[in-house]
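One structure is given here, and the rest of the page talks about it.
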Amino acid sequence: MSRSYEDLEADAASVSVEGWDFSWLDGRATEQRPSWGYQRQMGERMARASAALDIQTGGGEVLAGVPVLPRLIVATESWPPNVAKATRLLHPRGVVVVADSDEPPLPFADEAFDLVVSRHPVTTWWKEIARVLQPGGTYFSQQVGPASVFELVEYFLGPLPEEIHRKRHPDDARAEAEAAGLEVVDLRLERLRTEFCDIGAVIYFLRKVIWMVPGFTVDQYRPQLRALHERIQRDGPFLAHTTRFLIEARKPA
């Protein structure tokens, strides 16, 4: 028997959205993963590094899954609940978690790290990354690409202009990295299938990924949510597409 809108809303509106763990969506939403395996590749680079920085670590979940960490490892995060969660998760691994505003400058000296990583940064401050990298050091990052999950975003906000669709394009990342003096050695973009199987998954996702529909609240969007619930009940999962790109850049030796 299908669950009522009221039941699904209450469930999704009350659950914690702290951290960057999406396991609550298991069985309720699916997202195709990029082919390159970011965490595995990041782990390979961590095992070879001597001093590493993970920018915008979230709750520390991705970094915590790396098998071998460098002897010196630091992570930054701006959102206080995530800082606390990352500290609990990463301190036992020897990771220092620094509360940082995600605005330049990074709170580290020049040439402090031979590896800088970041998974889904909100903003990439390329000049700061180049500054804290040692000569020959590497920046390795998986990022959200252009128009990611825009089928869902535009369901709530309506059609967005082309310049908004074009934001976060990997070609722009390449240009900015090169302008900061880095050499881009790998750049890949993939468009990936995402399905929301019930309205609870939609509510949870928009509560957690707060920049998708800025200012989202269940109260404000309840009519649209209820209509989307009826659509999913009638037609099956709501289909959207995420975009992800992988970028690796090196500082000349």
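The values are calculated or read from the model by the stated rules, or taken from the named source; none is laboratory data. As the structure is a prediction and not an experimental result, all values here were calculated from the model. For neighbour counting, all protein chains shown are included, and Cβ atoms are generated from backbone atoms with ideal geometry for every residue, glycine included. Please note that ligands, DNA and RNA were not included when accessible areas were found on the heavy atoms of the full protein model with its side chains. Shrake-Rupley method; radii C 1.70, N 1.55, O 1.52, S 1.80 Å.
A few points about this structure:
- Loop trypsin sites (Lys or Arg not before Pro), region 39-142, which have at most 12 other Cβ atoms in a 10 Å radius of their Cβ (DSSP): 71
- Helices in the chain, meaning DSSP H runs of at least 4 residues, each add -39500 (n - 2.57). Divided by all residues, the mean residue ellipticity at 222 nm is -10500 deg cm²/dmol.
- The share of C-alpha pairs in the chain whose separation exceeds 24 Å stands at 51 percent.
- Among 5-11, 138-144, the peptide with the highest mean count of other Cβ atoms within 10 Å heads the list, and the full ranking is 138-144, 5-11.
- In this structure, the amide hydrogen of residue 29, modeled 1.01 Å from its nitrogen in the peptide plane, lies closer than 5 angstrom to those of 197, counting only residues at least 5 positions away or on a different chain.
- Whole-Hz couplings from phi, Karplus 6.51/-1.76/1.60, listed for region 184-193; x for Gly and Pro: 7, 9, 7, 8, 9, 10, 9, 10, 10, 6
- Close amide H pairs (under 5 Å, H built 1.01 Å from N) link residue 116 with 53, 138, 139, 140, residues at least 5 positions away or on another chain.
- Furthest towards positive pole of dipole, 91, 181, 105, structure part the chain, Cβ charges: 91
- Fraction of accessible area attributable to carbon and sulfur, region 119-213 (%, probe 1.4 Å): 53
- Whole-number accessible area per residue in Å² for region 1-69, which is evaluated in the context of all protein chains at 1.4 Å: 49
- Total charge dipole magnitude, the chain, about the Cα centre, Cβ charges on Lys, Arg, Asp, Glu only, Debye to nearest 20: 480
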